[in-house]
């Protein structure tokens with residue numbers, strides 16, 4: 001089966017700065033893939049290389065079985081793209097943009113564009129320069145989807161959209177995947193990505209540092225336990241267990257992060273006269289934020 005996107009050691013350097021480092025991705029047809037990372041992690045650079053807007057320093061990519069560089073014209077016919085730095089013609093209306101795109105794309109049936117305009121409540125009869133960021137973003141979404149592309153490449157697509165439109169966007173992505181088409185969604189917003197994607201890749205400092213389903217990542221994320229004992233206990237009794245970190249102590253109360261199986265932890269707790277135990281599900285937010293914080297620490301260190 002031809003993959004929607006595949007990269008082979010894809011890398012990009014700007015002088016002494018490495019923006020993307022040896023990236024290997026495999027994205028299946030009909031998949032909604034979330035490409036997650038903090039600002040400056042290399043997400044937009046990756047997209048520009050996929051679409052042959054930037055040349056890689058090393059490595060290569062294929063989209064829909066075609067070489068990203070050699071077959072870029074054919075790829076662009078079959079791909080819908082919403083850039084993170086969307087630029088529109090300020091004097092033209094949304095309707096004029098859409099009409100021009102339909103003509104350039106060879107779209108004779110305007111019904112899908114009309115449906116999208118209604119669905120996202122797009123303001124199309126005022127010059128773009130008079131529109132809010134959210135309304136300009138809606139026009140960009142219409143332009144990306146109007147020719148029913150086989151592959152959608154979307155960079156921060158919900159920027160400026162209100163929660164209702166974000167929900168509608170999620171529904172559109174699910175419909176697109178159900179139709180057998182593929183979505184590559186780049187974002188730094190965890191809530192958006194985990195809500196609408198099948199799999200997630202996390203990029204940090206240009207490197208892919210994690211790749212899995214949302215459920216798979218959740219299993220790797222720490223569970224939170226808060227335990228109250230009848231009398232104070234030594235945190236070391238629990239920290240000696242593999243995968244356990246004591247994150248807080250308050251007299252006879254301990255809070256723990258647990259990664260992995262919970263059984264050994266419960267056995268130790270039961271032997272120490274517990275009074276109360278509260279467990280929270282695996283904290284996916286904390287797992288993602290740990291990648292973000294690592295980046296922030298490095299930036300502070302470099303700045304110092």
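The values are calculated or read from the model by the stated rules, or taken from the named source; none is laboratory data. Given the structure is predicted, the values throughout are model-derived calculations rather than measurements. For neighbour counting, all protein chains shown are included, and Cβ atoms are generated from backbone atoms with ideal geometry for every residue, glycine included.
Return the residues of the range 141-172 that are out of contact with any helix residue (DSSP H, G or I) (no Cβ under 9 Å at 6 or more places or on another chain) and in contact (Cβ under 8 Å) with a residue 40 or more places away in the chain; say none if nothing qualifies.
Matches in the range 141-172: 144 only.
Considering only the range 106-132, state which residues are farther than 21 Å from residue 171 by Cα, in contact with a helix residue (DSSP H, G or I) (Cβ under 8 Å, 6 or more places away or on another chain) and either at pLDDT 95 or above or not in a loop (DSSP other than H, G, I, E, B) (or both).
124, 125, 126, 128, 131
Might you check whether a residue that is more than 21 Å from residue 47 (Cβ to Cβ), surrounded by 16 or more Cβ atoms within 10 Å (Cβ to Cβ) and touching a residue at least 40 places away in the same chain (Cβ under 8 Å) occurs anywhere in the range 242-254?
Scanning the range 242-254, I find no residue that is more than 21 Å from residue 47 (Cβ to Cβ), surrounded by 16 or more Cβ atoms within 10 Å (Cβ to Cβ) and touching a residue at least 40 places away in the same chain (Cβ under 8 Å), so the answer is no.
Among the residues of the range 49-84, how many are free of Cβ contacts under 8 Å to residues at least 12 places away in the same chain and in a loop (DSSP other than H, G, I, E, B)?
Selection size over the range 49-84: 3.
Please note which strands (runs of 3 or more DSSP E) are completely contained in the range 172-246 and include at least 3 residues that are within 27 Å of residue 37 (Cβ to Cβ) and modelled with pLDDT of 90 or more.
182-187, 199-204, 207-213
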